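The next block holds one structure in the form of structure tokens; read it before the comments.
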């Protein structure tokens with residue numbers, strides 16, 4: 001009886017030009033450039049359609065996101081414009097090729113590797129097959145334009161010369177739970193989505209359309225190569241995630257958070273992705289907690305601030321904060337990820353002619369990335385989750401969200417039919433990331449969603465410290481955390497223990513709804529706030545961090561911090577920490593003084609609380625100073641001879657405010673000593 | 001004597017003085033034991049492997065010196081004496097490793113902790129002076145040479161070439177006030193220190 005061959009199991013065939021893309025020793029991608037009729041477009045898969053039935057995976061969650069607003073606003077009108085017949089006939093349209101990756105699927109789940117490659121030959125043909133997934137059929141060709149390929153034939157790799165203009169690919173497009181392939185769009189999913197939507201609405205518009213498609217394969221992502229190669233072989237999802245980011249980086253489609261989450265090129269991106277994945281999988285946190293971390297904002301501008309009233313934070317803020325606080329300090333990174341424990345894996349003794357770069361924030365090999373992933377998951381993700389879900393104020397904000405979403409879920413379950421449908425639409429948008437439809441039939445869902453947001457906004461304003469919602473404050477938190485981690489590294493305390501202390505410190509600093517950070521406090525004006533508006537500058541971040549750490553200048557707070565480290569402490573250690581905290585208070589007041597002088601210089605002319613004569617004196621002194629500075633620039637005066645009366649007057653007027661700010665801060669921080677204004681710290685480069 | 005590392009380098013004196021770098025290859029954190037309790041057997045086993053590996057690397061480094069010279073037969077005129085050119089490479093014996101290998105897992109953390117305190121008992125690997133710079137500025141200059149420097153000969157480059165990391169170093173210094181700040185004196189002191197301690201990475 002004839003055995004059913006793998007070939008007979010294939011159910012989709014295409015011919016086209018074959019190619020292999022690589023540079024030097026880079027991981028190769030192979031492709032078939034071909035075309036699909038509009039009917040065949042249904043054989044292509046959107047990333048969002050390969051979601052597994054259980055345990056949603058964050059990697060898939062991010063790739064399946066489609067900006068439907070953009071499809072409706074830009075792409076659909078491009079293909080189907082509302083124009084006059086004459087205008088339409090003059091219109092020229094074209095889509096560049098869609099990129100479709102051959103993704104192995106089994107039991108409806110994406111697989112990490114292709115089956116091992118098997119080669120064969122038959123008369124004038126050479127075959128390369130990844131059994132059960134796809135097969136390439138080449139004509140042998142010894143001519144001058146032939147192309148060399150290699151395939152695994154009878155237990156060794158054998159070279160053939162083939163023709164590449166006409167190559168057939170056979171695919172087993174998966175149906176059911178057996179192993180097979182899906183052609184998943186990694187570039188052009190919005191174009192495909194538009195075409196499929198149009199086909200759904202009116203087949204006639206694009207009935208005979210033939211779309212260019214480039215089918216991409218990662219032939220070396222196989223178990224066999226994984227087992228026999230000295231370096232880590234990237235998995236199929238990794239290869240195509242790389243390409244997905246690379247091809248989409250420069251266009252609007254993938255922007256904001258997606259460039260962070262899909263990148264494998266820096267430690268911060270790895271952390272952000274693992275944080276989301278871990279929050280989603282965490283049995284006590286789960287989808288509700290992921291919903292309060294913004295991870296799918298489309299534009300770069302909006303990605304670094306909090307956009308929704310119910311959110312706790314945003315991946316853009318975390319990415320920026322991590323990079324600012326840790327990116328330049330590889331020694332601190334070594335400590336927080338305990339890379340020393342993995343030294344033999346990161347830098348193996350045996351040479352093998354393979355380079356193992358020193359791991360930095362942006363430099364690491366594929367093999368080293370695997371280890372970084374493991375260390376991030378073990379050592380950094382738990383404390384990060386604790387900072388956002390255990391710190392009292394963040395926890396309060398999260399509880400408000402949980403209570404409100406529970407109310408919605410109850411309506412979905414127990415409300416009348418209309419209410420339940422509306423609530424379901426809102427819940428889907430918040431927890432499932434399925435946008436509420438844009439048509440008027442969804443108006444009630446939109447209204448309910450707005451009410452939900454407004455309700456949370458009002459509750460948070462009444463119950464939670466408002467400062468925690470500012471991105472600049474969250475970035476300052478990371479800066480403070482990194483300072484305390486440097487301290488922890490010196491005395492060899494685990495990141496988790498330092499985080500205990502840090503959470504304790506934040507709870508102290510943010511007590512009474514974070515009132516110490518309110519804009520109406522005398523020391524907060526000019527330094528952090530300009531009236532009620534926060535100054536989103538790097539100096540503000542440093543000042544807020546100094547203010548948070550200044551709490552350690554009070555012995556009681558310092559004791560609580562040291563106790564939270566759980567390591568015991570001596571009187572000398574306590575004094576050292578108190579001094580550190582008081583230095584931070586000094587730095588803050590120094591910052592206040594600088595900013596106060598700056599605003600005074602810019603506003604004294606219209607400050608009518610100053611006597612007219614005094615203002616005139618100031619103006620005269622400023623004019624004189626400007627004149628002298630001009631003369632210095634022209635080379636007719638020494639810099640040392642510039643009149644400094646204006647500076648002295650500014651100093652005199654600012655002095656009162658500095659004293660007032662310093663006094664107010666001293667009281668609120670519970671200091672026994674005065675806070676004096678001076679700069680203490682130098683950064684790592686001595687600046 | 002106060003020592004400084006990457007963690008507290010901002011405290012390095014902003015004065016002129018004489019300074020030395022020491023190797024600090026072994027500490028609990030450097031062998032993956034962060035924190036002070038609750039290590040699993042696997043973690044301790046890994047730590048022991050790392051301890052031995054780092055110590056071997058340290059020994060290889062301090063014995064990486066190479067002597068080059070000529071030998072000439074004694075008591076004969078130049079044209080009839082036999083001559084040899086000699087190259088001698090430093091090497092290490094495994095004697096000191098045996099005791100380390102015999103340590104039990106329970107002893108590893110404590111061993112590493114004490115070892116860290118003993119770093120300055122070994123010879124410095126570099127001795128230098130600052131006359132027109134502060135000690136802090138010179139430290140930063142060396143660190144920048146290590147991290148970003150080109151192939152221009154420097155202490156930082158020699159560190160890099162030996163496969164050491166900057167956090168494998170401790171910095172120690174003596175500040176010199178303005179009254180003792182005499183270029184001749186400190187230059188002589190530098191030579192004196194170098195000649196008695198033979199720092200491996202000082203070249204002049």
More than 13 Å from chain A (Cβ to nearest Cβ) and on the phi < 0 side of the Ramachandran plot: does that describe residue B:147?
no
All but one of (1) part of a helix (DSSP H, G or I); (2) buried (at least 18 other Cβ atoms within 10 Å of the Cβ); (3) more than 9 Å from chain A (Cβ to nearest Cβ) hold for residue B:47; state the number of the condition that does not hold.
(3)
Hey, any hits in the stretch A:254-263 for a residue that's assigned to a helix (DSSP H, G or I) and either farther than 28 Å from residue A:390 by Cα or at pLDDT 90 or above (or both)?
yes
Going through A:247, A:292, A:279, A:267 one at a time, which residue ends up being at pLDDT 85 or above, under 23 Å from residue A:27 (Cα atoms) and either surrounded by 17 or more Cβ atoms within 10 Å (Cβ to Cβ) or touching a strand residue (DSSP E or B) at 6+ places or on another chain (Cβ under 7 Å) (or both)?
A:267
Every residue from the stretch A:267-287 that is farther than 18 Å from residue A:323 by Cα and either out of contact with any helix residue (DSSP H, G or I) (no Cβ under 6 Å at 6 or more places or on another chain) or free of Cβ contacts under 8 Å to residues at least 40 places away in the same chain (or both):
A:281, A:282, A:283, A:284, A:286
Of the residues in the stretch A:179-205, those that are under 14 Å from residue A:103 (Cβ atoms), in a helix (DSSP H, G or I) and more than 30 Å from the chain's Cα centre (by Cα) number 0
Flagged in the stretch A:552-571 as assigned to a loop (DSSP other than H, G, I, E, B) and surrounded by 15 or more Cβ atoms within 10 Å (Cβ to Cβ), in numbering order, are A:554, A:566, A:567, A:569
If you take the residues of the stretch B:15-44 that are more than 14 Å from every other protein chain (Cβ to nearest Cβ) and within 17 Å of the chain's Cα centre (by Cα), which of them is surrounded by the fewest Cβ atoms within 10 Å (Cβ to Cβ)?
B:18
One residue is enough: does the stretch B:102-109 have a residue meeting the conditions in a helix (DSSP H, G or I) and in contact with a helix residue (DSSP H, G or I) (Cβ under 6 Å, 6 or more places away or on another chain)?
yes
Has the stretch B:134-157 got at least one residue that is surrounded by fewer than 20 Cβ atoms within 10 Å (Cβ to Cβ), under 20 Å from residue B:54 (Cα atoms) and in contact (Cβ under 8 Å) with a residue 24 or more places away in the chain?
no
If you check every pair at least six apart or on different chains, which have Cβ atoms under 8 Å apart with a residue in the stretch A:3-31 that is within 30 Å of residue A:176 (Cα to Cα) first and a residue that is modelled with pLDDT under 80 and not in a loop (DSSP other than H, G, I, E, B) second?
A:29/A:243
Might you let me know whether the stretch A:458-477 holds any residue that is out of contact with any strand residue (DSSP E or B) (no Cβ under 7 Å at 6 or more places or on another chain), away from chain B (no Cβ under 14 Å) and farther than 20 Å from residue A:391 by Cβ?
yes
In the stretch A:308-359, which residues are in contact with a strand residue (DSSP E or B) (Cβ under 6 Å, 6 or more places away or on another chain) and assigned to a loop (DSSP other than H, G, I, E, B)?
A:311
Within the stretch B:152-163, residues touching a helix residue (DSSP H, G or I) at 6+ places or on another chain (Cβ under 7 Å) and more than 11 Å from chain A (Cβ to nearest Cβ) come out as B:154, B:155, B:156, B:157, B:159, B:162
Counting only strands (runs of 3 or more DSSP E) wholly inside the stretch A:1-113, the ones holding at least 2 residues that are buried (at least 18 other Cβ atoms within 10 Å of the Cβ), touching a helix residue (DSSP H, G or I) at 6+ places or on another chain (Cβ under 7 Å) and modelled with pLDDT of 70 or more are A:98-106
Going through A:649, A:627, A:618 one at a time, which residue ends up being crowded, with 17+ Cβ neighbours inside 10 Å, more than 14 Å from chain B (Cβ to nearest Cβ), over 48 Å from the mean Cα position of the chain (by Cα) and outside any loop (DSSP other than H, G, I, E, B)?
A:618
Among (1) in contact with a helix residue (DSSP H, G or I) (Cβ under 7 Å, 6 or more places away or on another chain); (2) under 30 Å from residue A:537 (Cβ atoms); (3) surrounded by 17 or more Cβ atoms within 10 Å (Cβ to Cβ), residue A:424 falls short only on (2)
Considering each of A:402, A:390, A:374 in turn, give the residue that is within 14 Å of chain B (Cβ to nearest Cβ), modelled with pLDDT of 90 or more, surrounded by fewer than 19 Cβ atoms within 10 Å (Cβ to Cβ) and within 30 Å of residue A:287 (Cβ to Cβ).
A:374
What's the total number of residues in the stretch A:492-539 that are more than 15 Å from residue A:589 (Cβ to Cβ) and away from every other protein chain (no Cβ under 14 Å)?
28
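The values are calculated or read from the model by the stated rules, or taken from the named source; none is laboratory data. In this text the structure is predicted, and so the values were computed from the model without any measurement. Every residue, glycine as well, gets a Cβ built from its backbone with ideal geometry; the counts of neighbours run over all protein chains shown.
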